[in-house]
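J.: Here it is, the structure, as structure tokens.
The values are calculated or read from the model by the stated rules, or taken from the named source; none is laboratory data. As the structure is a prediction and not an experimental result, all values here were calculated from the model. All Cβ positions, glycine included, derive from the backbone under ideal geometry; neighbour counts span all protein chains shown. Quick note on the areas: whole protein, heavy atoms, side chains included, nothing else; ligands and nucleic acids left out. Shrake-Rupley method; radii C 1.70, N 1.55, O 1.52, S 1.80 Å.
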Amino acid sequence: MAEHVVRNDGGHGPVVSLTGVTKEFDGGVTALRGVGFEVPEGQILALLGRSGSGKSTLLRHICCLHKPTSGSLRVLGNDVAKAHGSRLRQIRRRIGFVFQQFNLVGQLSVLENVCSGALGRLFGPRLGLFSYPRSLRLEALEHLDRVGMSAHAFQRTSTLSGGQQQRVAIARALMQRPAILLADEPVASLDPASADTVMRLLREIAREKSLTVIGSLHQVDLALGWADRIIGLRDGEVVLDAPAASLDTSAAMGVYGTAAAQEPVVLDVTG
Amino acid sequence: MIGFLCLFTSAGIWSLNSLGVDLTALAQGASNAEMFIRRTWPLSLPSTEEVLRQTGITLGTVFLATLLSVALSLPLAVWASSVATPSPAHRLMSRGLIVAARAVPDVVLAILFVRLFGLGALPGVLAMGLHSIGMVGKLYADAIEQTSPGPREALSSIGATRGQRLLTAVVPQALPAFIAIGLHRFDINLRVSAVLGFVGVAGIGFEMAHAFARLDFGLGISWALILLLLCLLTELVSTSIRRTLLRDPGDGGTGARGLLTRWSRRSGPGGGAASPPPPGTEPPARSSRRISPPFGFDRARRWAYTVTVLAGVAVSLLGSGVLDARNTAGWAGFTTTLGLFWPPGDAGMLDGLLTALLETVQIGLAATFLGALLAVPVGTLAARNISGSRAVHGVFRGVVLAVRGLPELVVAIVFVVVIGLGPVAGVLALALGSVGLLGKLVADSLEEIDTGPLEAMSALGSSRTQRYFTAVLPQAAPALIGGLLYQLDVNIRSATLLGLVGAGGVGFFLLQATQTREYDVITLITLMTFAVVFVLELVSMLLRRAVR
């Protein structure tokens, strides 16, 4: 899947790298304070932290939906702060984003929603399934096959269950032919069985297509079994950064400020 | 709160007094009713052919006007909403245009366009089309603002451009609201077309005005009744379409539609009932896969709608005579004609104009006061949670809906004929009309109250009336006062037009100025009305703040 990874640095070095990233919003709220870490290609990374700890803000920075107030953020070899307009859209195009609330257009058919994942490489606005070329529709069906949703291709999206919608959202992200897949609380609105399916899908797809995945999660147990590496955030600061295999539940719970571990635990994961 | 009611009541009673609306006037009206019936009976009906022809012209004009306003409102609404605006300057400019469209009355626009193009349908299309932008554009911008931001954000993250986000994420979400608002405006424009007939826009309104001008009351009332019937019919049809549109269909919906959808889903290829293939199995060969939706009920319906609308456009364009070649000549005199309207002048009638303006405000106040006396009980009985029985609720909702369908100008004509020329007829017509709008607002705001206190009151053994005054009215009061002020605004705007049919107020001068071609007076009247409505807007803003 070489075509999926289009990079500006010749394919070497970390996929995402943050140095001292700080974000202050207009209201004076500081969401991120001096966040710094690197993500190597193909890693599955889970962000842990309470709501309001800055997980969503961090993911939106990596997807270039926000820009840091200070510090440097490089994604796929691009300096995000310097990118504008179509350059910025070119970077976003290669980053799939799976949202907690799916963010599909409920009024459109499943297939059209998946096709809309290709908008970044299409010219001009589209409305209606017939405005997408045949080859794109076939590609979209293949992604729906992968997430097990092709039987619902022509159904109105709002009629699907939450778990089904999240699988469609994953297919839409795959339609971007992404290099990075971001997931913001992808299973927080789902029942345990659907949550399990979605998490398994994300991991399998990441391995098949050697995607880098960064997901924010609430459930510590789920994160430990799923990710290669855990980063904990509290009040916008990194308080934990360790390989998942080296952590147990109580150590990871430290992120939530309940147990000990007030000092950041930093272990080498890139070497 | 109490202060507001005292102020409102005293203003209402003062206006009623100075306009001479009292019981004796009404009693005299009742005796005139007999004379009225003698004068109009038997109704002289126009021929069926003529009725069909004029109905066609009216519907065509209103349809094209609404379509024009929709077409112009869409880009304006996109620029006016924060969702897809290229720049704050665009936003300010299009908001300004939308407000301006609402500020210029449709009758004034119609006078301008009749002067340009002569009698016919085109002035109506342009006047209603441009004036409607004020409402349609604003509501469209609101509908765009109200779309859920999630899909937009998702498309941003995909790297979609502004245009792509707009078409893929915003339009599908807002489309039902767009259509519903268009239909609603169609109903309003059909009622407005009656007014425009008096300044020379072709259709039923024109025939009606013409008949009254010849004192052929039998024929005039017949046309009025035909228009009334048409209004009620379209109101019924569009209300039911709107209700279906705005309900988000779940799994296929109910009734025939749901049945058909489920059936087509079950029998169609790749239907929803099929089980997903287990992951890892070979997908079907690329070339043989179905990549367009099965031809089910939804697709058939979409086709039917599209064909109906296109056919409507074609029939309207051909039937109403808008495409008439002599119309193109009209555009040539555009700037000269505009020059006739500027600068504003009073033609030496300033005193008369000011008196008429005061009378207009009084009509608005008196009509809103009387209307509220009628609308509060009717609206209360129409509220589902208060009326107590389904039948009562249903009957009064029906009454409210029926009154809303009445064109107030037609009602005013009936009152003018029954109790004679003058502001009393105008007051009664607008008071009756208020039941339609204010009654609906009352019922809606009562239905929105929190039922907790109501339950608590029943639990401690209170009577129905006690509950109404203690638990229901105080909760709904801010909404009710908001509705009252809105109704006052609507009534004062309408009162400026009543003079067209001799029901008092400044509208008389509007008609006179049109006939004597003193177009600068029309501009002055428009500006004076602006000033009144603007002051009223300020006052009601202050009052609303005081009540909350």
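J.: Using a 10 Å cut-off around each Cβ of peptide A:110-123, what is the average number of partner chain Cβ atoms that fall inside?
T.: 4
J.: Let me know the mean shielding of B:142-155 by other chains, meaning the per-residue number of their Cβ atoms within 10 Å of its Cβ.
T.: 4
J.: Could I ask something else about it? Please report, as a whole percent, how much of the solvent-accessible surface of chain B comes from carbon and sulfur atoms (probe radius 1.4 Å).
T.: Reported share for carbon and sulfur atoms: 69 percent.
J.: In addition: Could you list the square roots of 5 times each eigenvalue of the Cα gyration tensor of the range B:1-152, that is, the equivalent ellipsoid semi-axes, sorted largest first and rounded to whole Å?
T.: Working through the eigenvalues yields semi-axes of 40, 29, 15 Å.
J.: Looking at the calculated P(r) for the protein assembly as shown, what percent of the C-alpha pair distances fall above 39 Å?
T.: Beyond 39 Å sits 52 percent of the P(r) for the protein assembly as shown.
J.: Using Cα atoms only, what is the angle between the long axis of helix A:162-175 and the major principal axis of chain A, expressed in degrees (0 to 90) to the nearest 10?
T.: Between helix and principal axis, roughly 80 degrees.
J.: Okay, next question. What's the average, rounded to a whole number, of partner chain beta-carbon atoms within 10 Å of each residue's beta-carbon in A:147-159?
T.: 6
J.: Around B:G345, under 10 Å between beta carbons, what's the net of Lys plus Arg minus Asp minus Glu among the other residues?
T.: -3
J.: Just how large is the dipole of the protein assembly as shown about the Cα centre, in debye to the nearest 20, putting +1 at every Lys and Arg Cβ and -1 at every Asp and Glu Cβ?
T.: So the dipole magnitude of the protein assembly as shown works out to roughly 1700 debye.
J.: Output wanted: per-residue J couplings in Hz (rounded whole) for the range B:422-436, from phi through Karplus 6.51 cos²θ - 1.76 cosθ + 1.60, θ = phi - 60°, x for Gly and Pro.
T.: x, x, 4, 4, x, 4, 5, 5, 5, 4, 5, x, 4, 4, x
J.: Pairs of Cα atoms under 8 Å, at least six residues apart: use those to get the relative contact order of the range A:140-258, whole percent.
T.: 18 percent
J.: How big is the range A:100-177 by Rg and Dmax over its Cα atoms, in Å?
T.: When restricted to the Cα atoms of the range A:100-177, Rg and Dmax are 11.1, 32 Å.
J.: Beta carbons within 10 angstrom, averaged per residue: use that to sort the peptides B:361-372, B:61-72, A:49-60, highest first.
T.: Those peptides, ordered most packed to least, come out B:361-372, B:61-72, A:49-60.
J.: While we're here: If one takes the longest principal axis of the Cα atoms in chain B, at what angle in degrees, from 0 to 90 and to the nearest 10, does the Cα axis of helix B:88-103 lie?
T.: On a 0 to 90 degree scale, this one is about 40.
J.: Could you check the simple spin-label distance between B:R464 and B:T355, using points 7 Å along Cα→Cβ, in nm with one decimal?
T.: Simple spin-label model gives 5.0 nm for this pair.
J.: Can you give the net charge of the other residues whose Cβ lies under 14 Å from the Cβ of B:S132, counting K and R as +1 and D and E as -1?
T.: Local net charge: +2.
J.: Using alpha-carbon pairs under 8 Å, 6+ residues apart, how would you state the relative contact order of chain A in percent?
T.: Contact order relative to length: 25 percent.
J.: Another question, then. Taking only DSSP H segments of four or more residues, each worth -39500 (n - 2.57), what value at 222 nm results for chain A once the sum is divided by all its residues, to the nearest 500 deg cm²/dmol?
T.: Value at 222 nm, helices only: -8500 deg cm²/dmol.
J.: Averaged over all directions, how much area does the convex hull of the C-alpha atoms of chain A cover when projected, in nm²?
T.: About 14.5 nm², averaged over all directions.
J.: Probe radius 1.4 Å, ligands and nucleic acids ignored: give me the carbon and sulfur share of the accessible area of the range A:100-177 as a rounded percent.
T.: Solvent-exposed carbon and sulfur of the range A:100-177 make up 51 percent of the total.
J.: Nearest 10 degrees, 0 to 90: what angle lies between the long axis of helix B:171-196 and the longest principal axis of chain B (Cα atoms)?
T.: Here the helix axis deviates by roughly 20 degrees.
J.: So how much slack lies between B:R545 and B:A311, counting 0.36 nm per residue of separation and subtracting their Cα-Cα distance, in nm?
T.: Extra length from B:R545 to B:A311 when fully extended: 79.3 nm.
J.: On to the next question. Given the peptides B:160-173, B:118-131, A:83-96, arrange them by the average over their residues of other C-beta atoms within 10 Å, most packed first.
T.: Ranked from most to least packed, the peptides come out as B:118-131, B:160-173, A:83-96.
J.: Can I ask one more? Hey, what did the range A:100-177 get for relative contact order, percent, Cα under 8 Å, at least 6 apart?
T.: Computed over the range A:100-177, the figure is 49 percent.
J.: Right, another one. Using the Cα centre of chain B as the reference point, and only Cβ charges (+1 on K/R, -1 on D/E), how large is the resulting charge dipole? Debye, rounded to the nearest 20.
T.: In debye, rounded to 20, chain B gives about 1920.
J.: I've got another one for you. Treating the Cα atoms of the range A:55-210 as identical point scatterers in vacuum, please give the log10 of the normalised Debye intensity I(q)/I(0) at q = 0.18, 0.20 Å⁻¹, two decimals.
T.: Scattering profile of the range A:55-210, log10 relative to I(0): -1.11, -1.31.
J.: By how many nm would the segment from B:R243 to B:D450 lengthen if fully extended, with 0.36 nm per residue of separation less the alpha-carbon distance?
T.: Result for the pair: 72.1 nm of gain on full extension.
J.: Bin width 5 Å, alpha-carbon pairs only: give the P(r) of the range B:388-453 as whole percents, running from 0 to the bin holding the largest distance.
T.: 4, 16, 20, 18, 14, 10, 8, 5, 3, 1, 0
J.: What accessible area per residue comes out for the protein assembly as shown, rounded to a whole number of Å², with a 1.4 Å probe?
T.: Heavy-atom SASA per residue in the protein assembly as shown reads 44 Å².
J.: A follow-up question, please. With solvent modelled as a 1.4 Å probe, how much accessible area in total do chains B and A shield from it at their shared surface, in Å² to the nearest 100?
T.: 3600 Å²
J.: Between B:L318 and A:A193, how many nm apart are label points set 7 Å from Cα along the C-beta direction?
T.: A separation of 5.9 nm, rounded to one decimal place.
J.: At a probe size of 1.4 Å, how large is the accessible area of B:V399, to the nearest 10 Å²?
T.: For B:V399, the solvent-accessible surface is approximately 60 Å².
J.: While we're looking at this one, here's another question. So what's the gap between the Cα centers of the range B:157-222 and the range B:498-548, to the nearest angstrom?
T.: Comparing the Cα centres of the range B:157-222 and the range B:498-548, I get a distance of 22 Å.
J.: Just to be sure I follow the rule: in the protein assembly as shown, considering lysines 8 or more places apart or on different chains, how many pairs have Cα atoms under 22 Å apart?
T.: Counting lysine pairs in the protein assembly as shown gives 6.
J.: Once the Cα gyration tensor of chain B is diagonalised, what are the square roots of 5 times its eigenvalues, in whole Å and ordered largest first, as equivalent ellipsoid semi-axes?
T.: 42, 32, 25
J.: Okay, moving on. Using the beta-carbon distance between B:H90 and B:L225 and R0 = 45 Å, what value does 1/(1 + (r/R0)^6) give for FRET efficiency, to the nearest 0.05?
T.: The computed FRET efficiency comes out at 0.45.
J.: In addition: Could you compute the net charge surrounding A:Q100? Neighbours are other residues with a C-beta less than 12 Å from the C-beta of A:Q100; K and R count +1, D and E count -1.
T.: Around A:Q100, the surrounding residues sum to -2.
J.: Hey, how much of the P(r) for the range B:326-447 falls beyond 21 Å, as a percent of Cα pairs?
T.: Percent of Cα pairs beyond 21 Å in the range B:326-447: 57.
J.: Please give the calculated 222 nm ellipticity per residue for chain B, where each DSSP H segment of at least 4 residues contributes -39500 (n - 2.57) and the sum is spread over every residue; nearest 500 deg cm²/dmol?
T.: That comes out to -25500 deg cm²/dmol.
J.: Let me ask something else. Given labels modelled 7 Å from the Cα in the Cβ direction, how far is it in nm from B:L5 to B:T48?
T.: The modelled label-to-label distance comes out at 5.6 nm.
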